[in-house]
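For reference, the structure is listed below as structure tokens.
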Amino acid sequence: MVAGATGIALFLLVLDASEGARPQTHEHLAILRLLGVTRGVVAVTKSDAVDPVTLEHALTEARELVPEAHAVLGVSARTGHGLDELRAALAAVADAVEPPRSGGPTRLYVDRVFALRGIGTVATGTLWSGTIRVGDQLRAEPAGLEVRVRSVQVHDRTVDRAEAGQRVAVALPGADRRELARGAALVEPGHFPVSYRLDVTLEELEPIAHGARVLVHHGTSEVPARVARAEPGPYAQLRLAEPLVAARGDRLIVRAETTLGGARILDPAPERRLDRSRFELLDVGDARSIVGAVVREPVTRAALEARGLLLGEELETGLAPLVQAGPWYLPAGWLEELRARVHRRLEIRASEVPHDPGLPLGELFPVRAWAADVQPLLGLKRADGKAYLPGIVATLANRADDAAALEAELGASRFDAVKVDDRELAAYLERAGRLVRLGDGLAIGCAAYASARDALVSECREAGSIRLARFRDLLGSSRRTAQLLLERFDADGLTRRVGDERVLRRSAGRR
């Protein structure tokens with residue numbers, strides 16, 4: 001009864017005129033109310049089998065039992081008395097029910113699975129949300145089984161598309177019926193979590209103690225669970241023995257030997273902790289406050305959809321205050337904190353190392369998927385794989401004398417490379433076009449580099465290639481310096497090595 005009631009929008013409660021409400025009737029009515037099914041009609045049957053006084057007493061009892069009922073009618077299946085009125089009442093209630101919206105992600109809880117010759121595995125259930133079309137790719141959870149819909153039927157009629165609220169049968173070719181069972185959920189991939197925990201607000205018919213062992217009825221599943229109460233108050237976490245597929249706002253029933261109460265899901269995939277303030281926020285907060293509470297760092301829309309916390313238009317509303325960077329949504333406060341932290345590090349760098357005020361991007365940012373999309377929002381200047389504060393340029397500051405001394409040494413050394421221990425100073429002077437760095441921490445002056453380059457190009461154009469020994473002789477330098485210069489010319493795209501020789505690249509030959 002619970003599994004069936006979770007998929008309905010209105011009820012027909014049947015009472016025997018001679019017996020009245022039985023204990024099971026009261027429990028069924030309580031379950032309907034706990035599931036939020038409040039629209040319906042009461043039929044008091046066998047009206048022909050009792051006298052008028054008994055019938056009127058039964059009708060009065062029914063009205064008191066179900067005051068929210070659209071109508072309470074005496075009927076008789078044997079004589080036909082009241083059946084036309086019952087049909088009219090049911091039609092009136094159905095007309096007043098707002099149909100489920102089909103715009104959300106697909107979710108169908110399976111209540112039957114069977115195989116048909118020539119068709120294969122068939123699953124039936126009530127479509128809670130979204131639509132199912134021929135050809136749709138779905139996932140059967142919690143098994144994680146990918147299935148394809150070959151055909152769709154609604155009440156034994158083949159259709160191209162089933163809508164939310166309808167009873168649906170789907171043919172799933174290739175799916176092993178042993179991998180599907182009552183309680184499984186057919187869902188649109190990437191929209192609903194599979195979870196062993198549910199944060200809920202309880203509505204108790206009988207006291208439910210902290211640590212109580214219960215049965216949780218949700219969709220078409222019946223799962224053992226333990227109750228962890230966030231006392232005082234109605235909030236609790238249901239810790240499940242088997243995983244469920246659920247979404248925020250779903251209703252469920254909690255039973256033991258009898259129905260203990262119901263619950264509304266606040267978070268279908270929470271952490272294993274009891275935080276009363278978080279429960280309260282999820283219970284009464286709006287979409288924006290909920291997103292603000294759960295999103296602490298960059299997140300994609302797909303990741304939030306997979307949490308099942310907010311869906312559709314509610315998720316759109318919740319995301320509106322966030323900053324978007326590519327596929328990522330960022331809390332404004334988080335972005336400001338990151339910007340301030342990065343700017344402060346670059347300010348310190350510019351103060352301590354004015355001749356090289358930038359920092360490598362990889363050093364400033366953690367290795368995260370969002371880093372490339374977020375960097376442009378931080379107000380930085382980027383060049384050569386480094387980040388700089390806007391308006392900050394490299395200066396020698398109090399290193400001018402050191403730079404002058406190094407340049408003088410390079411000028412005097414000509415083609416004899418000079419060892420430069422201060423790598424940052426060397427990098428600054430190279431960026432400024434005042435020296436050329438070679439391998440092994442060596443450098444030569446720009447004039448010497450240009451002369452060496454001209455000598456190499458001239459020789460290659462005349463002889464077609466050049467060897468290390470010939471290049472060394474042309475410069476009158478050491479073998480080591482000649483070798484490092486040739487490697488630098490290779491790296492600069494001027495030459496390429498062919499065996500023991502260097503030849504000009506085509507682009508260099510046209511210069």
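The values are calculated or read from the model by the stated rules, or taken from the named source; none is laboratory data. These figures come from a predicted structure and were not determined experimentally. Every residue, glycine among them, receives a Cβ derived from its backbone with ideal geometry; neighbour counts consider all protein chains shown.
For (1) modelled with pLDDT of 90 or more; (2) aliphatic (A, V, I, L, M), each residue gets a yes or a no:
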site	(1), (2)
S289	yes, no
V294	no, yes
R301	yes, no
R307	no, no
A320	yes, yes
Q324	yes, no
Y329	yes, no
*Go through segment 220-239 residue by residue and tally those that are more than 19 Å from V284 (Cβ to Cβ) and buried (at least 18 other Cβ atoms within 10 Å of the Cβ).*
7
*Quick one: is A256 aliphatic (A, V, I, L, M), in contact (Cβ under 8 Å) with a residue 40 or more places away in the chain and more than 27 Å from L310 (Cβ to Cβ)?*
yes
*Would you be able to say whether some residue in segment 412-423 is closer than 22 Å to R505 by Cβ, in contact with a helix residue (DSSP H, G or I) (Cβ under 8 Å, 6 or more places away or on another chain), basic (K, R) and not in a helix (DSSP H, G or I)?*
no
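What do you reckon, is R167 out of contact with any Lys or Arg (no Cβ under 7 Å at 6 or more places or on another chain), of a type in the set (D, E, K, R) and crowded, with 19+ Cβ neighbours inside 10 Å? Explain how you work it out, then say what you get.
Values: out of contact with any Lys or Arg (no Cβ under 7 Å at 6 or more places or on another chain): yes; of a type in the set (D, E, K, R): yes; crowded, with 19+ Cβ neighbours inside 10 Å: no.
Judged against the criteria, R167 is not a match.
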*Hey, among the residues in segment 484-496 that are surrounded by 13 or more Cβ atoms within 10 Å (Cβ to Cβ) and not aliphatic (A, V, I, L, M), which one's nearest to R437 (Cα to Cα)?*
R488
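In the list G358, G362, G441, G433, which residue meets the criterion of being closer than 28 Å to D492 by Cα and touching a residue at least 24 places away in the same chain (Cβ under 8 Å)?
Details: G362 fails: touching a residue at least 24 places away in the same chain (Cβ under 8 Å); G441 fails: touching a residue at least 24 places away in the same chain (Cβ under 8 Å); G433 fails: touching a residue at least 24 places away in the same chain (Cβ under 8 Å).
Result of the check over G358, G362, G441, G433: G358.
Tell me, which strands (runs of 3 or more DSSP E) wholly within segment 122-198 include 2 or more residues that are more than 26 Å from the chain's Cα centre (by Cα)? Spell out the reasoning first.
Values: elements: 131-133, 137-141, 145-148, 151-154, 157-159, 161-163, 167-171, 185-187.
Output list reads 151-154, 157-159, 161-163, 167-171.
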*Picking from A412, A371, A383, which residue would you name as being under 27 Å from P298 (Cβ atoms) and either free of Cβ contacts under 8 Å to residues at least 24 places away in the same chain or in contact with an Asp or Glu (Cβ under 8 Å, 6 or more places away or on another chain) (or both)?*
A371
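Tell me, yes or no, whether segment 217-240 has at least one residue that is β-branched (V, I, T), modelled with pLDDT of 95 or more, touching a strand residue (DSSP E or B) at 6+ places or on another chain (Cβ under 9 Å) and part of a strand (DSSP E or B). Walk me through how you get there before you give the answer.
Taking segment 217-240 first, the residues β-branched (V, I, T) are 220, 223, 227.
Those still in the list that are modelled with pLDDT of 95 or more too: 223, 227.
Checking which are touching a strand residue (DSSP E or B) at 6+ places or on another chain (Cβ under 9 Å) leaves us with 223, 227.
Pick out the ones that are also part of a strand (DSSP E or B) and you get 223, 227.
Scanning segment 217-240 turns up at least one residue that is β-branched (V, I, T), modelled with pLDDT of 95 or more, touching a strand residue (DSSP E or B) at 6+ places or on another chain (Cβ under 9 Å) and part of a strand (DSSP E or B).
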*Set R278, R273: member being among the basic types (K, R), over 23 Å from A143 (Cα atoms), within 22 Å of the chain's Cα centre (by Cα) and buried (at least 19 other Cβ atoms within 10 Å of the Cβ)*: R278
*Scan segment 199-219 and report the pairs whose first residue is crowded, with 19+ Cβ neighbours inside 10 Å and whose second residue is among the charged types (D, E, K, R) and in a strand (DSSP E or B), with Cβ atoms within less than 6 Å and a gap of 6+ or a chain change.*
D199/D267; T201/R264
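Taking into account only those residues within segment 370-383 that are out of contact with any Phe, Trp or Tyr (no Cβ under 8 Å at 6 or more places or on another chain) and closer than 21 Å to V323 by Cα, which is surrounded by the most Cβ atoms within 10 Å (Cβ to Cβ)? Please lay out each step first, then the result.
Step one: of segment 370-383, the residues out of contact with any Phe, Trp or Tyr (no Cβ under 8 Å at 6 or more places or on another chain) are 372, 376-379, 383.
Those still in the list that are closer than 21 Å to V323 by Cα too: 372, 376-379.
Working: A372: 12, P376: 11, L377: 14, L378: 18, G379: 10.
Once the filter is applied, the top-ranked residue is L378.
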*Just a yes or no: is a residue in segment 266-277 in a strand (DSSP E or B) and in contact with an Asp or Glu (Cβ under 8 Å, 6 or more places away or on another chain)?*
yes
_Considering only residues that are in a helix (DSSP H, G or I) and touching a strand residue (DSSP E or B) at 6+ places or on another chain (Cβ under 6 Å), which ones fall in segment 61-92?_
E61, A62, R63, E85, L86, A89, L90
*Identify, by number, the condition in (1) farther than 22 Å from L429 by Cα; (2) under 60 Å from the mean Cα position of the chain (by Cα) that G493 doesn't meet.*
(1)
*Specify the residue that is modelled with the highest pLDDT; the eligible residues are those in segment 376-388 that are out of contact with any strand residue (DSSP E or B) (no Cβ under 7 Å at 6 or more places or on another chain) and aliphatic (A, V, I, L, M).*
L378
